[in-house]
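One structure coming up, written as structure tokens, with questions to follow.
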Amino acid sequence: MPVNETLATYSDYAFHSAVGIYLLAMALHLGEYARVRVRAVLAREAVPAGALAERAGAVVDPAATVVDPAVVDPAGTPPESDSPRPGRSWPERFGRMAVALTILGALVHIASVAIRGFAVARWPWGNMYEFISAVCLMAVLTWLYVLRRNPGMRPLGAFVLLPVEVLLFLAGSALYVKAAPVMPALQSYWLTIHVTAVSLASGLLMVGGVASVLFLVRRYSSGGGFLDVLPAAETLDRAAYRVTVFAFPLYTFAVIAGAIWAEAAWGRFWGWDPKETVAFIVWVVYACYLHARATAGWRTGGAAWINVVGLIAMLFNLFFINLVTTGLHSYAGVG
């Protein structure tokens, strides 16, 4: 079936618009960090009003010592000159705007994927450009769901959007492929089932991996800096575990669906192709993570390290294996 070039062009426009919106949302999240960080520094360095008089030799009544509450409480309401609306600080406004832009970016991103599918009259997961776009979209949607359930996780926004931005930039530049029909081997309903499951599971695991990385930073750091704004270490670890618990069955189903598709396409369920081998290793790593979470002594720090290893292995399998190694999956550009 011929490609609708007009729809394909609109899909590209929507893709680049989504990348720009995500970038602006990440900048606002960083602005939220900067404002809260400045206020935290002012709080630590706040000097009581009577300190200067005491240095001058005057007798100071401790009960008369005054500290500006807007400076002492970094999460409190700033002075009226610092915010046009009393009761809502600038960091809060930055964070809300960042979330609103992330939602807008996700909607534009969904439009890009859907229009691409209509342009080529197939499920739009047929090459690395489309696949990375799908994985990043799943990651953003997962993040928005996590945020909806736990608004206190909002400070993670910049760290979730950073890998999304990097991957989308690579997809839209070095890995971009013009809209076109897929080769006969990929013209199967298993493309929809297998690759959709892989995309969804990978997006979920990306969010869980970021949470584990920040948990380790939070746990083993002495504090200060941007760590003042992050959620508690226990909150990050719990979020990583819950996301991974949901993603692991999806990833398991994706591996099984891939084996069934391989039997239909190549006459065998498993052939130790590089893609299949690393996919199995990733599955084992995440199985070890879930087992470690239920094992005394490994439940927190040790399990989080395994989750980070799983994130690295998953990204290695999704991108490096497809782009560098040769095998039965090399022509597809998808997993």
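The values are calculated or read from the model by the stated rules, or taken from the named source; none is laboratory data. These numbers come from a predicted model, not from an experiment. All Cβ positions, even for glycine, are placed from backbone atoms using ideal geometry, and neighbour counts span all protein chains on display.
Could you check the stretch 226-241 and list, in sequence order, the residues that are touching a residue at least 12 places away in the same chain (Cβ under 8 Å), surrounded by fewer than 23 Cβ atoms within 10 Å (Cβ to Cβ) and part of a helix (DSSP H, G or I)?
Within the stretch 226-241, 226, 228, 233, 235, 241 meet the criteria.
Go through the stretch 121-177 and give me each residue that's of a type in the set (Asp, Glu) and within 24 Å of residue 3 (Cα to Cα).
130
Return a yes/no flag: does the stretch 222-231 have any residue that is closer than 21 Å to residue 145 by Cβ, out of contact with any strand residue (DSSP E or B) (no Cβ under 8 Å at 6 or more places or on another chain), modelled with pLDDT under 90 and not small (Gly, Ala, Ser).
So far as the stretch 222-231 goes, yes, one or more of its residues are closer than 21 Å to residue 145 by Cβ, out of contact with any strand residue (DSSP E or B) (no Cβ under 8 Å at 6 or more places or on another chain), modelled with pLDDT under 90 and not small (Gly, Ala, Ser).
Additional query: Please verify whether the stretch 202-219 includes one or more residues that are surrounded by fewer than 24 Cβ atoms within 10 Å (Cβ to Cβ) and among the aromatic types (Phe, Trp, Tyr).
no
Just one of (1) buried (at least 24 other Cβ atoms within 10 Å of the Cβ); (2) in contact with a Pro (Cβ under 7 Å, 6 or more places away or on another chain); (3) among the hydrophobic types (A, V, I, L, M, F, W, C) trips up residue 140, so point out which.
(2)
Now a separate question. For the stretch 106-123, check the following and say yes or no: at least one residue is farther than 19 Å from residue 209 by Cα, modelled with pLDDT under 90 and part of a helix (DSSP H, G or I).
Checked against the condition, which is being farther than 19 Å from residue 209 by Cα, modelled with pLDDT under 90 and part of a helix (DSSP H, G or I), the stretch 106-123 yields no hits at all.
When the stretch 143-175 is examined, which residues are found to be outside any helix (DSSP H, G or I) and surrounded by fewer than 16 Cβ atoms within 10 Å (Cβ to Cβ)?
150, 173, 174
Here's a follow-up. In the stretch 250-302, what count of residues is obtained for those that are in a helix (DSSP H, G or I) and either over 16 Å from residue 193 (Cβ atoms) or touching a Cys at 6+ places or on another chain (Cβ under 8 Å) (or both)?
So the count comes out to 22.
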